[in-house]
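Single-structure report; data block below.
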Amino acid sequence: MKHPIVEIARHELITQWRSQTLKILLPLLLVLTALIAFSHWQQQEDFIEAQTIWQQQNDAEWEAQPDRHPHRAAHYGTMVFRIISPLSFIDSGVNPFVGNALFLEAHRQNSSSFKQYVSSTAYMGLGYLSGATIILVIWPLVLIALAFNSVSGERGHGTLRQLVSQGISVRQLLFGKTLAYSLISLIFLLVIFSIAIGFMLLSHVHGSDVLRMGLMFVLYLFYCLLWTITVVLFSNWCRTNQQSLSALLLFWLLTVIVMPKMANSVAEMQYPMPDRAVFDIQTAQEIAKVGDSHNPDDPHFTEFREKVLAEYGVSRVEDLPVNWRGVVMQEGERITSEVFTQQYENLMQIAEQQNELVRQVALFSPYLLANNLSSIVAATNADSFLHYENAAEQYRFNFITQLNQLHAEEIDLENDREQKVSHDHWSKLGQFDYHGPMLQDANDRIYPSLLMLLLWLIIGLVLLARSRNEVD
Amino acid sequence: MRFIQFELRLLWQNRLFKWLMLGYVLAVLLAIIWGQMSLQREYQQRTISEANYQTELAEYRDDAPLDPYAAGYLGYYQFHPVWQTPSAWSALIHGERSEAATHTRVRLLGLQGQLSNTATGNIAAMPIGKLDLSFIWIYLMPLLIAALSLNLLAEEKASGRWSLLASQVANSGMLLTKKMLIAAGLLAVVNLLILLAAVVMTDIDFDSIWLQVAAVLLAYQLCWFLITGWIISLQRTAIFNSLLFISLWIVFAFVLPGLAYLYQTQQQQPAEHVSMIFDQREFMHDSWDRDQQADFDVYLQDYPQWQTTEPTLQKPFDWRWYYAMQHMSDVIVAEAVAQFRESRVHSHQIGNQVAWLSPVMRLQYSMNRFADTDMLASQTFLDQIGDYHQQLRDYFFDFYFFDKSFTEADFANIPVFEYQPVMQSYTLKSLINLVLIGLFFVGLIMLQTRRNRG
């Protein structure tokens, strides 16, 4: 005879196979998920293509500029377009909420603009409809619907007493049931991921993306296992089926819907952020505190002039071997960039404080942990977006610096505005060659959540293992 | 009357009921307090930007009168704050307000490039969203309704009271209806009290909008009670009832809104409006390399109100030409901007159409309209910024084009932006929609009752 746990699992699977709930829910959910995954994959490919074309157009237009004064070219500026992760179609993360085009110009740090679509996401209050949301939010509900009575039902019908009298312990029963529902989750995930892999093969993928996808699969499997254990445990603890169902639904509602939203609201109350206008004002004020390059009497720039004059051993800016205006422009750019980066870091510091608070709440919500991990692995989390924005600001600074250098070296101070440099220079400025963060860069983000998730899993397994042989 | 008293006492003795109600009221109060706090914070941010604006203007005023050339710099450097003034209801109904910058600053340069600023905010929090009163009403209240009434019959049956009761009254269905009406009435009273509390705790007034919100909210509540009633009328087990209810809730609150969004986005090309930035930028910078006098002549022909200006441009630089080209850079992308606007409004309309199928979506569209926190409001804000920019241009161009110096007194007359909320109302549509869905389920209940008898 087979091991009793396997036997119980087999029996449970046969029962479920005959039950209507599974017959209706599983195909329905698979079709919905496949449909969503297909649309999102299609939209992702369209978007990546569109962004690539815009980038090419931008680069072509940049190089096609006529002879221009370098500072004019610096104001003409350039644009960088964010290419989303090829795993966005499973977990879209922050993608639908952020702008994907950055206009880079002299003196100013613009914010990312143009979302992928203009439609509002506010009406999806229970979560953005994506494969990840279906797995992380809806699948637990299906598990609840399938398994809430897996133990309480046996107890209610008196079959539990029979089983125990046959020498099967409650512990074995619980593990058997857990095994059965984990297998159902596994089948669900396998179907979804084979479809997803099909889409991936149709597009251009790197080895690292395959790895990320594998990790997502493992993560989701863990998450489903955790939920299966939760449902079986609740079903064991509750006296009646109805109690078990109500308790599980309430647990789902609190940990998946209410707690995450509440945590965000509390965090936002606790650590408020300046809005767009005030942030811009604060940045401008900080820049003005350091120095105003447009003010001839500005103390910082007076000092800076003395320093530069001493460096070259001359007494007048007219005698400098470089164009003084270009030098000033670069000093101004250095200040703007430094101050802005600092201000933006402060802003992100507030966001980080908020996230820290949410992370503490997340310790009690496996959903938040898994959701967070999922978007990290899919490279669609907030950090990977900020990584791109930082890279763009660095690129902007280097880009403008090169133009200021042209200004200083190729343009004479006298009659500055009337001069131009050859358009040959434009193609010499490097293009934005961006690579997203590597998975291992996010290690310090991954491990705490992963450990916590594992801890929950261990607690769940221990609780299963320590279940007593109560039959009534 | 005795019956009502008895039923109320029965409810009060029910521990689950007490805890659920307590949880509901607590969550609601927290949501109201948080909402009001963040509304006040929005006002504080506006105070900061206004103070800064006045300080900046005062610095220019100290140098007044400004000759037209110096006044040109005023136009170039001075940002003017624009704010989508939140309605008092936005404290309770946050809607789409986080999705675009509602408080920003514009200056006299080409406008479209300035409008693509996104809101600051914690990106990591965006996919999860926050908890406001409208979320509790729209998404969570149906579950409370289910908890209050879904298993009335099943519980009575389980407790063995049902056969006793049913044998005493002629029409047991009537009895059940009465029991549900009491639960519904109780929740209605609680919700009305919450709305009254909101009048005290926030800036909302007890006015016609209050009454409309209350009416739509009660209709929504009724709608869910009828859905529950239909499920009860199927006379299945309590388990079946719960699962069917949750499935319906998921379809109305998750699947339909998600599919609506998918459909909305399928109507669009991704990032299709980027060309606005390209075209504007290309025009603006090319103009430096073109014949400036020729461009300026064309501009004067197109805008005859400035024709009496000195027609010849100053060398090497003339602010009039500069601002004329900035203006033209907006004009040449006007069609793209109109398309962008059309896309947004169209998308909103599609969602609004799909909402006919889902009471959840309907209430949300309705609520966001009450609070003026929807796409229409956001788009109107952009439109009004456009009008305001026109006012600024008219005001400053008068000095630039007619060679007037900008005096101290002229600072007081700089146009000020004031957001005018959208007056459109969805109240009637929402009520009709909710009543129709309600009637649909009434029909199902009647059908089922007949079947049960037969």
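Every number here is computed from the coordinates shown, using simple stated rules; none is lab data. What you see is a predicted model; the values in this text were computed from it and never measured. Positions of Cβ are backbone-derived with ideal geometry, glycine not excepted, and every protein chain shown enters the neighbour counts.
Structure above, values below:
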{"item": "Taking A:K420, A:K261, B:K315 and counting other C-beta atoms within 10 Å, the order from fewest to most", "result": "B:K315, A:K420, A:K261"}
{"item": "Size of charge dipole - the protein assembly as shown - debye, nearest 20, with Cβ of Lys, Arg +1 and Asp, Glu -1, no other charges", "result": "7980"}
{"item": "Cα lying deepest toward the dipole's positive end in the protein assembly as shown, options B:V213, A:A74, B:V251, charges on Cβ", "result": "B:V251"}
{"item": "Scattering curve values for region A:391-472, log₁₀ I(q)/I(0), Debye with Cα scatterers, q = 0.16 Å⁻¹", "result": "-0.82"}
{"item": "Enclosed volume per residue, in Å³, of the convex hull spanned by Cα atoms of region A:340-390", "result": "55"}
{"item": "Three semi-axes of the equivalent ellipsoid, region A:4-465, Cα gyration tensor, whole Å, largest first", "result": "59, 23, 16"}
{"item": "Alpha-carbon Rg/Rh ratio, for region B:337-409, with Rh computed the Kirkwood way", "result": "1.29"}
{"item": "Helix axis angle, A:4-18 relative to chain A longest principal axis, alpha carbon, degrees", "result": "80"}
{"item": "Where labels lie 7 Å past Cα in the beta-carbon direction, separation of A:R10 and B:S405 in nm", "result": "10.2"}
{"item": "Region B:71-157 - Rg and Dmax from Cα coordinates, angstrom", "result": "22.2, 83"}
{"item": "Relative contact order %, region A:11-145, counting alpha carbon pairs below 8 Å whose residues are six or more apart", "result": "24"}
{"item": "Point-charge dipole on Cβ atoms (K/R +1, D/E -1) for chain B, about Cα centre, debye to 20", "result": "4320"}
{"item": "Per-selection Kirkwood Rh - region A:101-220 (Cα, Å, 1 d.p.)", "result": "19.0"}
{"item": "Efficiency of FRET from Cβ geometry, A:Q349 and A:A288, R₀ 22 Å, rounded to 0.05", "result": "0.50"}
{"item": "Relative contact order computed over chain A (Cα-Cα under 8 Å; 6+ residues apart), in percent", "result": "25"}
{"item": "Reciprocal of mean inverse Cα separation for region B:295-384 (Kirkwood radius, Å)", "result": "16.5"}
{"item": "Mean ellipticity per residue at 222 nm, deg cm²/dmol - from DSSP H runs of n ≥ 4 across chain A, formula -39500 (n - 2.57)", "result": "-22500 deg cm²/dmol"}
{"item": "Efficiency of FRET between B:I33 and B:N413 - r from beta-carbon atoms, R0 56 angstrom, step 0.05", "result": "0.85"}
{"item": "Cα gyration tensor shape for region A:163-284, rounded if a/c is under 1.5, else prolate or oblate", "result": "oblate"}
{"item": "Cα-based helix-to-principal-axis angle, B:172-201 vs chain B, degrees rounded to 10", "result": "30"}
{"item": "Sum of -39500 (n - 2.57) over DSSP H runs of 4+, divided by residues of chain B (222 nm, nearest 500)", "result": "-23000 deg cm²/dmol"}
{"item": "Alpha-carbon Rg/Rh ratio, for chain B, with Rh computed the Kirkwood way", "result": "1.13"}
{"item": "Extension gain from B:D297 to B:F240, taking 0.36 nm per residue of separation minus the Cα-Cα distance", "result": "12.8 nm"}
{"item": "Spatial separation of Cα centroids for region B:396-445 and region B:208-280, in angstrom", "result": "26"}
{"item": "Efficiency of FRET between B:Y69 and B:T308 - r from beta-carbon atoms, R0 22 angstrom, step 0.05", "result": "0.65"}
{"item": "Exposure proxy ranking, count of Cβ atoms within 10 Å, fewest first, for A:I5, B:I93", "result": "A:I5, B:I93"}
{"item": "For region B:279-333, convex hull of alpha carbons as volume per residue, Å³", "result": "70"}
{"item": "Pairs of lysines in region A:4-465 (C-alpha under 25 Å apart; 8 or more residues apart or interchain)", "result": "4"}
{"item": "Nearest-20 debye value, region B:129-239 charge dipole, Cβ charges on Lys, Arg, Asp, Glu", "result": "600"}
{"item": "Length-normalised contact order for chain B - Cα pairs under 8 Å, 6+ apart - percent", "result": "27"}
{"item": "Ranked list, fewest to most other Cβ atoms within 10 Å of each Cβ, for B:D297, A:D383, B:D63, A:D444", "result": "A:D444, B:D63, B:D297, A:D383"}
{"item": "Reduced Cα scattering model of region B:19-168, Debye log10 I(q)/I(0), q = 0.13, 0.15, 0.21 Å⁻¹", "result": "-0.80, -0.93, -1.30"}
{"item": "Cα Rg, Dmax, region B:117-259, angstrom units", "result": "18.9, 69"}
{"item": "Region B:331-424: GluC sites (Glu not before Pro) in DSSP loop, at most 14 other beta carbons within 10 Å", "result": "B:E418"}
{"item": "Residue (of A:T336, B:Q266, B:V331) at the positive-pole extreme of the protein assembly as shown, dipole from beta-carbon charges", "result": "B:Q266"}
{"item": "Length gained when the stretch A:A310-A:A64 is fully extended (0.36 nm per residue, less Cα-Cα span)", "result": "84.6 nm"}
{"item": "P(r), alpha carbons of the protein assembly as shown - 20 Å bins starting at zero, rounded %", "result": "12, 40, 30, 13, 4, 0"}
{"item": "Mean projection area, nm², convex hull over Cα of region A:193-237", "result": "3.3"}
{"item": "Positive-pole candidate from A:I400, A:Q440, A:V327, dipole of region A:4-465, charges at beta carbon", "result": "A:Q440"}
{"item": "With Cα atoms, 0 to 90° folded angle of helix A:366-377 axis to chain A main axis", "result": "50"}
{"item": "Nonlocal amide H pairs with B:H80, under 5 Å, H built at 1.01 Å", "result": "B:V106, B:R107"}
